[in-house]
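The values are calculated or read from the model by the stated rules, or taken from the named source; none is laboratory data. Note that this is a predicted model, so its numbers are computed, not measured. Glycine gets a Cβ as well: all are built from the backbone with ideal geometry, and neighbour counts include every protein chain shown. Accessible surface areas use protein heavy atoms only, side chains included; no ligands, DNA or RNA. Shrake-Rupley method; radii C 1.70, N 1.55, O 1.52, S 1.80 Å.
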Amino acid sequence: MTIKLVNHGTEGELLLEGRLDSTTAPEAEEIFLQTAERFERVTLNLAVMDYVSSAGLRVIKRLHMTMRKKGGRMVLKNVNKMVMEVFEITGFAGLLEFE
């Protein structure tokens, strides 16, 4: 997985490419939490993310909770059909904000 940060002032956009799974989740979580400290809004751009596992869902949820706790927002955008199905099946689609 590769993660690139695009700085939009008060918003940090993370471009995720590849698989967010048990192998890549620890590194992704570290990047997510560092980004959460810097920005009021964090956008996860999943346009080229192929797969998300339960470990990936956990780190996304942790980022969401961290942002809410500090009064910020986390948004997901460009979610492909397969990844969106995982969010829907697990109930995350009702918890998270999508654009």
Inspect region 14-21 for any residue being open to solvent by 50 Å² or more (accessible area, probe 1.4 Å) and either of a type in the set (Gly, Ala, Ser) or under 10 Å from the mean Cα position of the chain (by Cα) (or both) and give the result as yes or no. yes
The number of residues in region 67-99 that are in a helix (DSSP H, G or I), out of contact with any His (no Cβ under 9 Å at 6 or more places or on another chain) and open to solvent by 50 Å² or more (accessible area, probe 1.4 Å) is 9
Looking only at region 50-66, filter to residues that are hydrophobic (A, V, I, L, M, F, W, C) and part of a helix (DSSP H, G or I); which one of those is most open to solvent (accessible area, probe 1.4 Å)? Met65
The conditions are (1) touching a helix residue (DSSP H, G or I) at 6+ places or on another chain (Cβ under 9 Å); (2) part of a strand (DSSP E or B), and Thr43 fails exactly one of them. Which is it? (1)
